Amino acid sequence: MATLALGAGTSHGPLLSTPPEQWGLRGGADRRNPALAYRGHDHTYDDLLALRAPGFAGECKPEAQAARHAASRHAIDELGAILTGADLDALVVVSSDHKEVYGDELLPQFAFYWGESMRHEPFTQAALDAMPPGLAVAEVANVPAEPTVRRGHQPLARHLIRETSAAGFDPAASLTLPAGRYGDHGIPHGWGFVFQQLLGGGDTLPVVPLFVNTFWQPNPPSAARCFDFGVALGAAIASFPADLRVGVVASGGLSHFVVDEELDRAFLQALADRDAAHLRGLGDDLLRSGTSELRNWIVVAGALHASPLRPRLLAYEPCYRTEAGTGCAMAFQTWEPA
């Protein structure tokens, strides 16, 4: 039978791959955003700045941003070394699609990709030119320089579809990735970050992509549903009838595009304490905007809830790009053998 051998959680926000002296490029978009989501309400930039007075000017100084960036990059290197050194046979990577692949034609709450392989495509120059300021410099770090084929694990993926269905869930099954936003049928950045920045970008081990609709109305799953689906996922991995060492990775989060350190620290403590009640009880009003990607971590926490693997926080770095507290809180964690 398969062994659930390792768990991991990683942020993948663009600030991680943006030189800190350019973090302000995304700050301009924050200042123009009329609906910055923070603790269940939408705010203009000026309202948010007033609400969070005296603000975060100290965190926006160049030396502070450089330190946050350097600590995050160190954690990425550490997590990548743990993943590549764990002697895994396959990874299940749980992340959110920003309508890069699945659109309004059909928006599944949970979807497994079960193909034998998947395309991982570089961006065209036209696609890079069309990105908002501050994104192109980061997104190129999540794609290969040349068109690449990544390995899937079709037998494991089929088993996970069948077993989570038998457990009372209704995951979508995707044998072919849609053309998507960029028209290339490629795997998007939540998985690209794992391939390129954690696994080294070469001939990586087989991956089963699990898509979670964290962002989009009307059907993002509740925190409780995510946790319970994760429990079913962990049981399904453990029941796979082959001697495989399987890892499971959450890609995304933590709080953004408004950083909420209180929310994040309570969340990370709940992971450390295996506090299912806290994780299942996070409200939909909190899981909005980029903070919605906590759902990916909740799925992984559910998958590992009964496991003997122990959680270990590698780093938590709240990366601020404006005085009102916008930015992205970065976290990197493992669940490892004692």
Original post:
Applying the Karplus parametrisation 6.51 cos²θ - 1.76 cosθ + 1.60 with θ = phi - 60° to the phi angles of the range 317-326, what ³J(HN,Hα) value in whole Hz is obtained for each residue in order, glycine and proline being reported as x?
Top reply: 10, x, 9, 9, 10, 9, 5, 7, x, 7
**OP:** Using the Karplus curve 6.51 cos²θ - 1.76 cosθ + 1.60 with θ = phi - 60°, work out ³J(HN,Hα) for each residue of the range 131-147 in order, rounded to whole Hz, and write x for Gly and Pro.
**Re:** 6, x, x, x, 9, 4, 4, 8, 5, 5, 6, 9, 10, x, 6, 10, x
Subject >> Per-residue HN-Hα couplings for the range 111-128 [Karplus 6.51, -1.76, 1.60; θ = phi - 60°; Hz; x = Gly/Pro] >> reply: 9, 9, 8, 10, x, 5, 8, 9, 7, 10, 10, x, 6, 6, 4, 5, 5, 5
**OP:** Could you state the angle between the C-alpha long axis of helix 223-238 and the longest principal axis of the C-alpha atoms of the chain, as a value from 0 to 90 degrees rounded to the nearest 10?
**Re:** 40
Original post:
With each label point set 7 Å from Cα along the Cα-Cβ vector, what nm distance links Ala70 and Leu175?
Top reply: 5.2
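Can you compute the FRET efficiency between Ala266 and Ala306 using 1/(1 + (r/R0)^6), with r the Cβ-Cβ distance and R0 = 22 Å? Round to the nearest 0.05. Could the numbers behind the result be given before it?
On the way: r = 23 Å, r/R0 = 1.02.
My answer for the efficiency is 0.45.
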Original post:
How much net charge surrounds Ala301 when only other residues with a Cβ under 10 Å from its Cβ are counted (Lys, Arg +1; Asp, Glu -1)?
Top reply: +1
Original post:
Per residue of the chain, what 222 nm ellipticity follows from adding -39500 (n - 2.57) for every DSSP H run with n ≥ 4, rounded to the nearest 500?
Top reply: -10000 deg cm²/dmol
Original post:
Can you give me the relative contact order of the chain as a percent, contacts being Cα pairs under 8 Å and 6 or more apart?
Top reply: 33
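Send over the Kirkwood Rh of the range 3-336, from the inverse of the averaged 1/r over different Cα pairs, rounded to one decimal Å. Please report the intermediate quantities before stating the final value.
On the way: mean 1/r = 0.0504 Å⁻¹.
With all distinct Cα pairs of the range 3-336 included, I get 19.8 Å.
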Original post:
If you count the DSSP beta bridges with both ends in the chain, what percent of them are antiparallel, to the nearest 5?
Top reply: 55
Subject >> Spin-label proximity, Ala167 to the range 93-137 - amide N less than 17 Å from point 7 Å beyond Cα toward beta carbon >> reply: 93-95, 109-113
**OP:** Using a Gaussian network model of the chain whose springs link C-alpha atoms within less than 10 Å, name the residue from Thr164, Thr214, Thr291 with the highest mean-square fluctuation.
**Re:** Thr164
**OP:** With label points built 7 Å along Cα→Cβ from the Cα atoms of Ala81 and Arg39, find their separation and express it in nm.
**Re:** 3.9
Subject >> With Cα atoms, 0 to 90° folded angle of helix 154-166 axis to the chain main axis >> reply: 90
Subject >> Dipole-positive endmost among Ser165, Phe215, His69 within the range 3-336 (Cβ charges, Cα centre) >> reply: Ser165
Original post:
So how far, in whole Å, is the C-alpha centre of the range 246-268 from the one of the range 96-114?
Top reply: 21
Original post:
Using modelled backbone amide H atoms (1.01 Å from N, in-plane), which distant-in-sequence or interchain residues come within less than 5 Å of Thr214's amide H?
Top reply: Asp97
Original post:
What residues have an amide H closer than 5 Å to that of Val93, excluding those fewer than 5 places away on the same chain, when H is modeled at 1.01 Å from N in the peptide plane?
Top reply: Val208, Leu210, Val249
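Would you work out the charge dipole size for the chain about its Cα centre, treating the Cβ of every Lys and Arg as +1 and the Cβ of every Asp and Glu as -1, and quote it to the nearest 20 debye? Kindly include the intermediate steps, with their values, before the conclusion.
On the way: 25 positive and 38 negative charges, 59 e Å.
Using Cβ point charges on Lys, Arg, Asp and Glu, the chain gives about 280 debye.
Using the per-residue mean of other Cβ atoms lying within 10 Å as a proxy for protection, in what order, highest first, do the peptides 245-251, 107-113 fall? Don't jump to the answer; show the numbers that get you there.
On the way: 245-251: 25.0, 107-113: 21.0.
Final packing ranking: 245-251, 107-113.
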**OP:** With the Cα gyration tensor of the range 260-338 in hand, give its eigenvalues times 5 under a square root as the equivalent ellipsoid semi-axes, listed largest first in whole angstrom.
**Re:** 23, 15, 9
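Only the coordinates and a few stated rules stand behind these numbers; no lab work does. Keep in mind that what you see is a predicted model, and the values were worked out from it rather than measured. Note that we place each Cβ from the backbone using ideal geometry, even for glycine, and neighbour counts take in every protein chain shown.
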